[in-house]
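Working notes, structure below.
Each reported figure results from applying straightforward, stated rules to the coordinates on display, with no laboratory input. The model shown is predicted, which means the values in this text are computed figures rather than measured ones. When we count neighbours, we look across all protein chains shown, and the Cβ atoms used for this are built from the backbone with ideal geometry, even at glycine.
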Amino acid sequence: MILFELRCARDHHFEGWFKDGAAYDAQAAAGEIACPVCGDTQVSKAIMAPRLNKATGQSLDAQGAAQEMRRMLLELRQTVEQTCDYVGDNFADEARKIHYGDVEERPIYGEASAEQASELEAEGIAVARLPWLREN
């Protein structure tokens, strides 16, 4: 079993248990996962911290922890690529258009400088900077 932190399109956060990542993917694609707050079925995985289980005596060594973190970051990248529109260098402009209602709201990802990201945050536009690992 795996626990995912989930988020609906209205930004409500909740948790869900799944047999594995494939079970989550299948249920999400079929619209079988609904937000317990608003009932929205546009659900995606939210960013979550890894759980390194030491209670069972199965602690990870530094190399194992690094490999697990890499796996999780690659999974995060895959989720972002599957659920968000890539807007490239136009990220800051598109984020503003969405925030101010000039275009339909949708999840996006792309590139922005540190200065652009700071300006967006100062305007009250939520952005997240993610480590973007190569898959190889």
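Things worth noting here:
- Nonlocal amide H pairs with Y109, under 5 Å, H built at 1.01 Å: D85, Y86, V87
- Principal-axis tilt of helix 62-83 within the chain, Cα atoms, nearest 10 degrees: 40 degrees
- The candidate values were (i) 14.1, 41; (ii) 14.3, 44; (iii) 16.7, 53; the one computed from these coordinates for Rg and Dmax of the Cα atoms in Å carries the label (iii).
- Residues with amide H under 5 Å from that of Q42, placed H, sequence gap 5 or more: A9
- Only helices enter this figure: runs of n ≥ 4 DSSP H residues, each worth -39500 (n - 2.57), summed and divided by the residues of the chain, yield -11000 deg cm²/dmol at 222 nm to the nearest 500.
- Percentage relative contact order, the range 60-136, counting C-alpha pairs under 8 Å, at least six apart: 34 percent
- Measuring r between the beta carbons of V103 and L74 and using R0 = 25 Å, the FRET efficiency lands at 0.25.
- Scaling against 2.2 N^0.38 Å puts the C-alpha radius of gyration of the range 1-48 at 1.01.
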